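Peer 1: Pasting in a structure now, in structure tokens, and then I'll have a few things to ask.
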Amino acid sequence: MTDVTFHEYSNLGPDEQAALLRRSETDISGFIEKVAPILEAVRTEGDRAVARFGRDLDKANITEATIKATEAEFDAAFKLVSDDVIEAITFGIENIRHFHEEQKPEAMWLKEIKPGAFAGDRFTPIKSAALYVPRGKGSFPSVTMMTSVPAVVAGVPNLAIVTPPAPDGSVDAATLVAARLAGVETVYKVGGAQAVAAVAYGTETIKPALKIVGPGSPWVVAAKRSLSGIIDTGLPAGPSEAIIFADDTVHGGLAALDLLIEAEHGPDSSAYLVTHSRRVAEEALAALPEHWARMTEQRVQFSSAVLSGKCGGIILTSSIEESYDFVNAYAPEHLEILSQDPFAHLGQITEAAEILMGPHTPVSIANFCLGPNAVLPTSRWARTFGPLSVTDFVKRSSIGYVTASAYPEFAKRAHTLAEYEGFSSHAHAVSAVRDNYLPKRG
């Protein structure tokens, strides 16, 4: 049996408590160095480097001529994917689209700030975006859904998915199905750091994009950081992480069940059960072997590595307040509040990208089909970032309009502040000099 890491939080020293906040990608300096030659090769060699890295790193049968998925591959995907999977993807996309349509800001608003003076915002879609869909530890049509739908709802005219190829050079069939149903028809068979470089610089086949979104490995995270001056890399989304917060009103076996959801993504994931109930903690420990017995061997390996390592396990706190404090310090990507009265705890949680309430809202439902976006900030970035949304695919322009009748009062105040700050041109632009050029009133 795997020895699950168990911490009694109040018995830990400050350094030990701080260590629990670390994620696998916290220090990626080594990856920054490793991705540098990959990025440079793609910049200088284009398709040739993309295909070479596909063969060497992804062990895939890729050539320069097969980087882009064809229409025939899209069509074939609908025959390869079972009807129930297609129905589930359709169900999820409908809910995700409905949520993001409600989230979409109005095209423009103006408010009269003072009589005759108006200010507001206008929202317009960005011109292009790349959507990264990982594949290294599984197939993720759900990520395709979560990245594609808000971009399509936002009205981005040029969208492309980048995703690592399989050994035979194909794209995961369900990913192609999800892409087409969401409204994206361009898919490139490239992953890892080379994918980020390809959409940042552009190649003979791959069009450059203004922005790239989507979760990825430390290689992808490192490439994004390295190229952040060239392409907008969006919210920081790295390896999966979750906290299952449980009070004493639920069974620990339920907490253990949900603790495994994000832990099974890979050994670089992070997952903690946080509870002040020793009963819940002990029930969770006892239930884990039973849950593992129902899982596939690979997912058992991944999740057991997480729960027995430095980035996962069970944390027993001395009080509900201590549990709140740890959750807020951790600022998780996914947070479940397991309680018969989850809203009693919601007001105490301020730092989490996604908060799922009660025993009927596991991360599984949120990841696939509830509607809110499951592409979320990791590594404590929930303190300043929110989930991927329609607003990630639009840009905001401020709108201002001052009428002739309102101008004198605003000009007077602006002139006063311009002179105080020492900007003579600012001052002259709202002085009698301007009056000479303006139409005479009355």
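The values are calculated or read from the model by the stated rules, or taken from the named source; none is laboratory data. Quick caveat: nothing in here was measured; it's all calculated off a predicted structure. Counting neighbours? That spans all protein chains shown, and the Cβs are built from the backbone with ideal geometry, glycine included. SASA here: full protein model, heavy atoms, side chains in, ligands and nucleic acids out. Shrake-Rupley method; radii C 1.70, N 1.55, O 1.52, S 1.80 Å.
Peer 1: How big is the accessible area of residue 94 in square angstrom, nearest 10, if you roll a 1.4 angstrom probe over the protein chains?
Peer 2: 110 Å²
Peer 1: Would you compute, for the Cα atoms of the chain, the largest minus smallest coordinate along each principal axis and list the three values in descending order, in whole Å?
Peer 2: Taking max minus min along each principal axis of the Cα atoms, the chain gives 88, 59, 43 Å.
Peer 1: How big is Rg to Rh over segment 247-291, alpha-carbon atoms, Rh as the Kirkwood inverse-mean-distance radius? Intermediate values should be presented prior to the final figure.
Peer 2: On the way: Rg = 10.4 Å, Rh = 10.7 Å.
In segment 247-291, Rg relative to Rh is 0.98.
Peer 1: Past 28 Å, Cα to Cα: identify those pairs from 79/395; 34/395; 127/224; 111/395; 79/127, in the order given. Walk me through the numbers before you get to the answer.
Peer 2: Values: 79/395 38 Å; 34/395 33 Å; 127/224 19 Å; 111/395 19 Å; 79/127 33 Å.
Pairs exceeding the cut-off: 79/395; 34/395; 79/127.
Peer 1: So for segment 240-314, considering every pair of alpha-carbon atoms, how many percent are separated by more than 18 Å?
Peer 2: On the way: 821 of 2775 pairs.
Result for the distance tail: 30 percent.
Peer 1: Okay, moving on. Working with all protein chains in place, sort 201, 437, 132 by solvent-accessible area computed with a 1.4 Å probe, largest first. The partial results should precede the final answer.
Peer 2: On the way: 201 75, 437 185, 132 10 Å².
Largest to smallest exposure gives the sequence 437, 201, 132.
Peer 1: As a test question: what accessible area, to the nearest 10 Å², does residue 56 have when a 1.4 Å probe is rolled over all protein chains in place?
Peer 2: 80 Å²
Peer 1: Now for a different question. Given 25 °C and 0.890 mPa s, how large is the Stokes-Einstein diffusion coefficient of segment 74-115 in µm²/s, with Rh as the Kirkwood radius over Cα pairs?
Peer 2: Details: Rh = 13.7 Å.
Diffusion coefficient, whole number: 179 µm²/s.
Peer 1: Suppose all protein chains stay in the model; what accessible area per residue would a 1.4 Å probe give for the chain, in Å²? Write down the numbers at each step before the final one.
Peer 2: Working: 20600 Å² over 442 residues.
Per-residue accessible area for the chain comes out at 47 Å².
Peer 1: Suppose each label sits 7 Å from its Cα in the direction of the beta carbon; what would the residue 321-residue 290 distance come out to in nanometres?
Peer 2: It is 3.5 nm.
Peer 1: Let me ask something else about it. Give me the distance in nm between label points sitting 7 Å out from Cα along the Cα-to-Cβ direction at residue 249 and residue 29, one decimal.
Peer 2: That separation, rounded to one decimal, is 4.7 nm.
Peer 1: Still on this structure, I have one more. Based on the mean of other beta carbon atoms within 10 Å per residue, what is the order of 186-192, 427-433, most packed first? Could the numbers behind the result be given before it?
Peer 2: Details: 186-192: 24.6, 427-433: 14.4.
The packing order, highest mean first, is 186-192, 427-433.
Peer 1: Based on C-alpha coordinates, I'd like the Rg and Dmax of segment 88-236, in Å.
Peer 2: 17.2, 67
Peer 1: Could you tell me the ratio Rg/Rh of segment 339-442? Both radii from Cα atoms, Rh via Kirkwood. Walk me through the intermediate numbers first.
Peer 2: Values: Rg = 25.7 Å, Rh = 19.2 Å.
Rg/Rh for segment 339-442 comes to 1.34.
Peer 1: Just how much of residue 135 is accessible, in Å², when a 1.4 Å probe is used and the result is rounded to the nearest 10?
Peer 2: 50 Å²
Peer 1: Once you put a point 7 Å from the Cα of residue 225 and another 7 Å from the Cα of residue 428, both along the Cβ direction, what distance in nm separates them?
Peer 2: Going from the residue 225 label point to the residue 428 one covers 4.8 nm.
Peer 1: Continuing with this model, one more query. Rounded to the nearest whole Å³, what is the per residue volume of the convex hull around the Cα atoms of segment 99-143?
Peer 2: Numbers: hull volume 5.1 nm³, N = 45.
With only Cα atoms used, segment 99-143 gives 113 Å³ per residue.
Peer 1: Here is a follow-up. Out of the DSSP beta bridges found with both residues in the chain, what percent are antiparallel (nearest 5)? Mind showing how you got there, number by number?
Peer 2: Numbers: 16 of 50 bridges.
Restricted to the chain, the bridges split so that about 30 percent are antiparallel.
Peer 1: How big is the shadow of the Cα convex hull of segment 166-208, averaged over all directions, in nm²?
Peer 2: Values: hull surface 13.8 nm².
If I average the Cα hull's projected area over directions, I get 3.5 nm².
Peer 1: Here's a follow-up. Diagonalise the Cα gyration tensor of segment 244-388 and give the resulting equivalent ellipsoid semi-axes, square root of 5 times each eigenvalue, largest first, whole Å. Don't skip to the answer; put the middle values down first.
Peer 2: Working: eigenvalues 86, 70, 41 Å².
Listed largest to smallest, the semi-axes of segment 244-388 are 21, 19, 14 Å.
Peer 1: Using a probe of 1.4 angstrom, how much of the accessible area of the chain is carbon and sulfur, in percent?
Peer 2: Details: 11210 of 20600 Å².
Carbon and sulfur together cover 54 percent of it.
Peer 1: With each run of n ≥ 4 DSSP H residues scored as -39500 (n - 2.57), what mean residue ellipticity at 222 nm is computed for the chain after dividing by its residue count and rounding to the nearest 500 deg cm²/dmol? Let's see the in-between values first.
Peer 2: Working: 18 runs with 190 residues, N = 442.
Mean residue ellipticity at 222 nm (helix-derived): -13000 deg cm²/dmol.
Peer 1: Give me, ordered by chain and number, the residues 5 or more places off residue 118 or on other chains with an amide H under 5 Å from its own placed amide H.
Peer 2: Long-range HN contacts for residue 118: 113, 401, 402, 403.
Peer 1: Mind grabbing the base-10 log of I(q)/I(0) for segment 364-405 at q = 0.20, 0.30 Å⁻¹? Debye formula, identical points on the C-alpha positions, no solvent, two decimal places.
Peer 2: -0.77, -1.06
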